[in-house]
1. Could you tell me how many of the residues in the stretch 203-222 are among the β-branched types (Val, Ile, Thr) and under 11 Å from ARG190 (Cα atoms)?
2. Consider only pairs whose beta carbons are under 8 Å apart and that are at least six residues apart or on different chains; among these, list those whose first residue lies in the stretch 170-191 and is surrounded by 16 or more Cβ atoms within 10 Å (Cβ to Cβ) and whose second residue is modelled with pLDDT under 90 and of a type in the set (Ser, Thr, Tyr).
3. Hey, among the residues in the stretch 30-53 that are open to solvent by less than 70 Å² (accessible area, probe 1.4 Å) and assigned to a helix (DSSP H, G or I), which one's modelled with the highest pLDDT?
4. Please identify the pairs in which a residue from the stretch 232-257 that is of a type in the set (S, T, N, Q) and open to solvent by 20 Å² or more (accessible area, probe 1.4 Å) has its Cβ atom under 7 Å from the Cβ atom of a residue that is outside any loop (DSSP other than H, G, I, E, B) and at pLDDT 70 or above, counting only partners at least 6 apart or on another chain.
5. Residues of the stretch 90-117 being hydrophobic (A, V, I, L, M, F, W, C) and open to solvent by 90 Å² or more (accessible area, probe 1.4 Å), which ones?
Amino acid sequence: METRLQSVKEQSKKASQTAEAAQKALTEVLAQFGLQDGAAFRAALWDEEKQQSEANELNQWEKDLHAAKALAEDKKKAAAQIKTPDVDALTAALGEATESFKPVEAAWTAANTAASNVHKLSKEFATWREENGPLVARKQMLDTLDKLTRGVLPGSVAAKLSFRNWMLRQFLHEVLETANARLRQMTGWRYSFQLAPLADGGLDIDVFDEHTGQPRGVDSLSGGEGFMASMALALGLADLVTQNFGQRQLDTIFIDEGLRQSGPGNAGDGHGRTRRSSRRRAHCGHDHPRQRPAAASVATPRS
């Protein structure tokens, strides 16, 4: 009996020591969390509702953690499929691109410098133009006049007619007007001269036919008609020369063929009409120059 009691005392003593050790350990643990004793621990415990809320939040956190791990795994697999770039090759390509860009950069710098120079020159030219406006305007006028006289003015009616030919055309118009008074009379008011439309040179002559109401070329006239046209043209020229150069009288006019070679049909008629003019004599034919008397003469080109 005493032995059993002694055993119980020893067990009780051990249990008491174990409880003291546990109490000490609990006190140390509670101290780590800022709790003084078990009463403070029991006061800090959550109620059932709080515990359930925290448990739910912990479960949600675990779900989010699982989803994040799954997403990270997918991204890891996708990254594994991406081919690793060749950094050395890319570096070399970048170097080549940089070298090839240098000429472009130099050209751009040169172009920018040129543009600056052009802008500067433009401002200087604008200042010069403003200061020399009358001279510029006069130069433009003289350039236009030069092109006009040479028949090279773009967009002008006289683009193919030089000033020299324009002056000759005006004089020829006066000659034809004077010659028409004789040609109409010679041809029974059938024919009259007129200037042909502007062509190369602008000095072509047409004959207007009253029978057809249309102009026709001088090469379409018969031999006698061409002879009368040549004679009228020569006499008109002589009249105009007389009027414009000191009223000098041309006593004799020599006509050699003229617009067309004279034919036997109308030569006599034309000769007779000329004899009735104010001139003393008209000579038609092919006399040798040494056989002609010394007098004023008018020559017309052969067709």
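The values are calculated or read from the model by the stated rules, or taken from the named source; none is laboratory data. This one's a predicted model, so the numbers in the text were calculated from it and none came from an experiment. A quick note on method: Cβ atoms are made from the backbone with ideal geometry, for glycine too, and the neighbour counts reach across all protein chains shown. Accessible surface is based on the protein model in full, side chains and every heavy atom, while ligands, DNA and RNA are left aside. Shrake-Rupley method; radii C 1.70, N 1.55, O 1.52, S 1.80 Å.
1. Result for the stretch 203-222: 2.
2. ARG182/SER277
3. Top of the filtered list is SER53.
4. Note: pairs meeting the criteria are GLN249/THR242.
5. Looking only at the stretch 90-117, we keep the residues that are hydrophobic (A, V, I, L, M, F, W, C), and these are 90, 92-94, 97, 101, 104, 106-108, 110-111, 114-115.
Listed by number, the residues that qualify are LEU90, LEU94, PHE101, TRP108.
Yes or no, residue by residue, for (1) open to solvent by less than 90 Å² (accessible area, probe 1.4 Å); (2) touching a Ser or Thr at 6+ places or on another chain (Cβ under 9 Å); (3) closer than 26 Å to LEU26 by Cα; (4) in a loop (DSSP other than H, G, I, E, B):
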site: ALA55; (1), (2), (3), (4): yes, no, yes, no
site: LYS75; (1), (2), (3), (4): no, no, no, no
site: ALA78; (1), (2), (3), (4): yes, no, no, no
site: ASP88; (1), (2), (3), (4): no, no, no, no
